[in-house]
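Here the structure is laid out as C-alpha cells; the discussion comes afterwards.
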C-alpha cells in the first residue's frame, strides 16, 4: 500500500507530539521549559526568545495581578517574587555603558503583548519579526494536550460524523482517524482514507497536513474554552462579594468602594460577555461548515479563527490573572471578611482593567 504508507510517514511527522524538545536545540539548552509556563496565558519563559543574557534566559516575563508586565527574576510561594520593570533591566544586569542592547529591544516589544499563550505568540512573534530557534516552544505541553481531550471531542465528533456518518462503527473519535494511518488492514484503511479525501476534496497525500491543521485549530479552541470555564465560577464568587458589599450597612456609604464595585462589575461583565460572544461566533461558523464540508471551507474558517487568537488570548489573560488573584487571596468564598475583600478590590482587581477594551480588535 504505497499511498497509505506515504500518508503514514507524513502524518507521523505532521502530528508529532508537542511535549518533547530535540536534544541540542534551543536558545538556552540548559533551561527546561516548565509545562505550567508553556501552557500559561500570563507567563512567558524568556528562554524561548533569542536573548544572549544568561540571567534573562533563566527568568520569566509575567503579567502580575495588576496586569502590569514585569520580569520575574525568581518566584515561589515561600520566598515571594523578585520582579523588575523592563526598563530596570539594564541597571540590574550592570549595563552601564549606555549602549543599546538587542535583548532590551526584544523585551520592550514583548512587554506590549496582551497575552503570552502559545497561539497568540505564534502570531505576535511573526508580526514583531522575532525568530525563535524551535517552534516546539509554541505548542502546548503533552500533558495539557491530553487534558483537553474532552474539549476536543466537541469539535472532532462533527467532523467524523460528517465524513463517515453513523454507518461506521470503527471511527468515532479524532484518534481513530489518526489510527487509520497506522492500521495493519491495508485495504480497509485505504478505503476509509480515500472516502475522507473525496469528502474533503483533497488529494490523499494532503490528508496529513489537513488533519494536523484540524487538530491544531480544534486544540486552540479547546484550550481557550478550558481557560474560560476554569475562571467563570470565580467571577460568580466575586460578583457575590460585590453584592454583599453593596448591602453591607458598614460599607455601602463608602463612595470609593461603591464606585469601584460598579466599575469592576461592569468591566468583568463586558469581558465575560465578549468572550462568550466570540465563542458563539466560532461555534456558528463551525456548525455551518459541517453542512458544506470541504478542505477549502475549513481553511477559510481556520484563518478567521486564527485572526481572533490574539483578541481571545488577551481578554482571557486579563480575566484569568484577575480571577486567580482573587481566588488566591480568598480561597473560601465566605472567608476573608468584607472589608478585606473591598480593599483587595480597590488595590488589585480594579488596577489595569481600564486597558482591556483596547485588546479587542475593531474587526
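Throughout, read-outs are computed from the coordinates displayed, never taken from laboratory work. For clarity, every value in this text was computed on a predicted model and none was experimentally measured. All Cβ positions, glycine included, derive from the backbone under ideal geometry; neighbour counts span all protein chains shown.
Points to keep in mind about this one:
- Residue 133-residue 277 pseudo-label distance in nm [points 7 Å out on the Cα-to-Cβ vector]: 4.4 nm
- Residues of region 264-300 with amide N under 20 Å of a point placed 7 Å along Cα→Cβ from residue 239: 264-281
- Structure-based [θ]222 nm, the chain - -39500 (n - 2.57) summed over DSSP H runs of at least 4, per residue, nearest 500: -18500 deg cm²/dmol
- Order of 288, 206 under a 10 Å beta carbon neighbour criterion, fewest first: 288, 206
- 5 Å binning of all Cα-Cα separations within region 220-363, expressed as whole percents from 0 upward: 2, 9, 18, 19, 16, 12, 9, 7, 5, 3, 2, 1, 0
- Entry for region 301-363 at q = 0.12, 0.22 Å⁻¹: log10 I(q)/I(0) = -0.42, -0.89, Debye formula applied to identical alpha-carbon scatterers, no solvent contribution.
- Across the chain, counting alpha-carbon atoms alone, Rg and Dmax equal 23.6, 79 Å.
- Between region 94-139 and region 226-303, the Cα center-to-center distance that results, in Å: 29 Å
- Extension gain from residue 206 to residue 93, taking 0.36 nm per residue of separation minus the Cα-Cα distance: 35.7 nm
- For the pair residue 178 and residue 269, label points projected 7 Å from Cα toward Cβ lie 4.3 nm apart.
- The protection proxy used here, the mean number of other Cβ atoms lying within 10 Å of each residue, ranks peptides 97-109, 236-248 as follows, highest first: 236-248, 97-109.
- Given R0 = 25 Å, the distance between the Cβ atoms of residue 259 and residue 340 translates into a calculated FRET efficiency of 0.85.
- FRET efficiency, 1/(1 + (r/R0)^6) with R0 25 Å, evaluated for residue 123 and residue 54 via beta carbons: 0.30
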